[in-house]
């Protein structure tokens with residue numbers, strides 16, 4: 001008996017001997033339970049306030065209005081000057097915007113590239129993952145490019161149901177006459193390397209489609225002739241040998257569902273508390289209570305109660321027949337601890353999802369330091385997810401588009417198709433969106449100025465991260481505005497940094513301080 005035998009691995013302690021869960025491979029732990037996890041997580045994402053808030057918080061802060069392209073080519077290694085690289089980057093960005101802002105970049109012609117980012121990221125959180133197919137259609141008058149993006153719902157990628165596909169288990173089938181196998185729609189070879197995905201023409205079990213017959217299409221992940229990507233899998237893996245993603249809410253499904261039930265019960269209780277109910281009671285033995293409801297034989301000598309004549313109202317007085325009394329029901333309950341209970345569990349949910357409580361419930365009531373600490377903690381999660389999404393979706397799309405642009409001759413990139421290293425120098429880029437929120441704009445701006453003065457950052461990065469804008473465009477606009485101001489308002493010459501005083505002003509302030517000290521001393 002050593003190590004964890006008397007601790008977490010004990011089989012004899014009363015608190016642990018009945019707790020013997022099993023932890024197997026990703027197929028048993030994830031793929032076997034994926035359908036149930038998706039259904040429950042999707043229900044919480046649509047019908048639970050907390051589940052929906054978690055999805056929207058991450059989507060808004062990571063994607064926002066869309067991650068914008070900022071080409072950052074290695075111009076020195078490509079034999080270019082800084083001015084030439086800047087001109088190339090501006091031209092490439094304009095060409096990419098031409099394609100990205102057009103609905104034709106979407107195979108279904110419903111969303112532009114930035115809206116597809118939002119849909120893909122939110123879907124990957126809800127379902128665990130999703131797929132994007134690269135398709136090509138003839139260029140049109142609206143766009144000179146043939147590249148089209150087709151987002152595929154995660155549920156459509158599934159194992160084919162047909163004769164000859166032998167089921168090894170519920171989540172894995174063997175492809176006939178090959179050594180390849182399909183795990184939840186992902187085809188891998190005998191070494192476990194990704195080969196293809198199997199896309200169904202509809203979600204299995206769907207009854208609202210005009211296509212009753214199920215058909216699967218095999219799509220190779222990499223083209224056989226070119227080796228280029230045909231499929232993007234937007235997924236955040238959490239363990240080795242994992243083929244499909246896990247919904248974001250999977251670890252907290254039970255807690256959120258129980259909280260939703262509790263909130264619904266409290267809401268029902270609050271509605272009941274708002275009711276004011278009264279009952280007519282019979283206090284005399286010789287009185288027929290059925291006469292109140294208009295039932296039974298009415299004795300002409302006994303008065304009958306007409307309920308419609310008695311109503312609740314301000315300063316109302318009414319005389320009841322002999323033997324009839326009125327009792328009220330008090331449904332108030334002052335023992336509710338709803339706020340304390342829910343706040344405790346919301347904190348745990350936020351910790352599990354790596355979203356601080358303040359951001360999860362959109363309530364900032366703590367001190368400035370605590371609120372800023374929460375934003376800084378959340379920014380780490382946002383930065384990590386943004387980097388993963390750029391690697392899975394944005395950058396591969398840009399590389400695919402740039403290859404077509406160079407092939408069409410709309411963008412010049414010497415040696416792009418000759419050497420992979422040269423191609424990587426041309427495709428190097430950064431992706432930024434506008435900053436989602438600033439707790440104190442003045443302090444954030446001062447911090448940016450200090451970073452710039454210390455040489456810890458660049459103007460391009462600060463402008464891109466704060467507003468999602470391009471440095472060249474901002475500088476050009478500022479130059480135009482200042483030139484216009486100098487012509488139209490020559491007496492008003494704005495300072496570059498109004499917060500900093502001039503040297504003469506600082507000298508005057510110092511002289512005033514010295515004069516005050518002398519006066520005090522004398």
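Select, from 479, 414, 447, 430, the only residue that is in a loop (DSSP other than H, G, I, E, B) and either over 21 Å from residue 72 (Cα atoms) or at pLDDT 80 or above (or both). Walk me through it before giving the result.
Values: 479 fails: in a loop (DSSP other than H, G, I, E, B); 447 fails: in a loop (DSSP other than H, G, I, E, B); 430 fails: in a loop (DSSP other than H, G, I, E, B).
After ruling out the rest, the residue left standing is 414.
Among residues of the stretch 195-228 being assigned to a strand (DSSP E or B) and in contact with a helix residue (DSSP H, G or I) (Cβ under 6 Å, 6 or more places away or on another chain), the one that is nearest to residue 424 (Cα to Cα) is 199. Restricting attention to the stretch 125-149, the residues that are closer than 18 Å to residue 409 by Cβ and touching a helix residue (DSSP H, G or I) at 6+ places or on another chain (Cβ under 6 Å) add up to 3.
Answer yes if at least one residue in the stretch 134-150 is under 18 Å from residue 203 (Cα atoms) and not in a loop (DSSP other than H, G, I, E, B), and no otherwise. It would help to see each step written out before you state the result.
In the first step, residues of the stretch 134-150 are kept if they are under 18 Å from residue 203 (Cα atoms); the result is 150.
So of that shortlist, the ones also not in a loop (DSSP other than H, G, I, E, B) come out as 150.
Checking the stretch 134-150: at least one residue is under 18 Å from residue 203 (Cα atoms) and not in a loop (DSSP other than H, G, I, E, B).
Applying a threshold of 6 Å to beta carbon distances and a minimum spacing of six or more residues, or different chains, the list of pairs starting in the stretch 339-358 at a residue that is on the phi > 0 side of the Ramachandran plot and ending at one that is assigned to a helix (DSSP H, G or I) and surrounded by 14 or more Cβ atoms within 10 Å (Cβ to Cβ) reads 354/381.
Considering the conditions (1) part of a loop (DSSP other than H, G, I, E, B); (2) surrounded by fewer than 12 Cβ atoms within 10 Å (Cβ to Cβ); (3) modelled with pLDDT under 70, residue 304 is excluded by exactly one of them, (2). Sort out which residues of the stretch 185-233 are more than 26 Å from residue 400 (Cβ to Cβ), touching a residue at least 40 places away in the same chain (Cβ under 8 Å) and within 30 Å of the chain's Cα centre (by Cα), and write them in order of number. Listed by number, the residues that qualify are 202, 203, 204.
Of all residues in the stretch 362-370, one or more are at pLDDT below 90, at negative phi and surrounded by 14 or more Cβ atoms within 10 Å (Cβ to Cβ). Within the set 214, 194, the sole residue that is at pLDDT 90 or above and assigned by TED's automatic domain parsing to the domain that holds residue 127 turns out to be 194.
The values are calculated or read from the model by the stated rules, or taken from the named source; none is laboratory data. Everything numeric in this text was worked out from a predicted model, so none of it was measured. Heads up, the Cβs are rebuilt from the backbone with ideal geometry, glycines too, and the neighbour counts pull from every protein chain shown.
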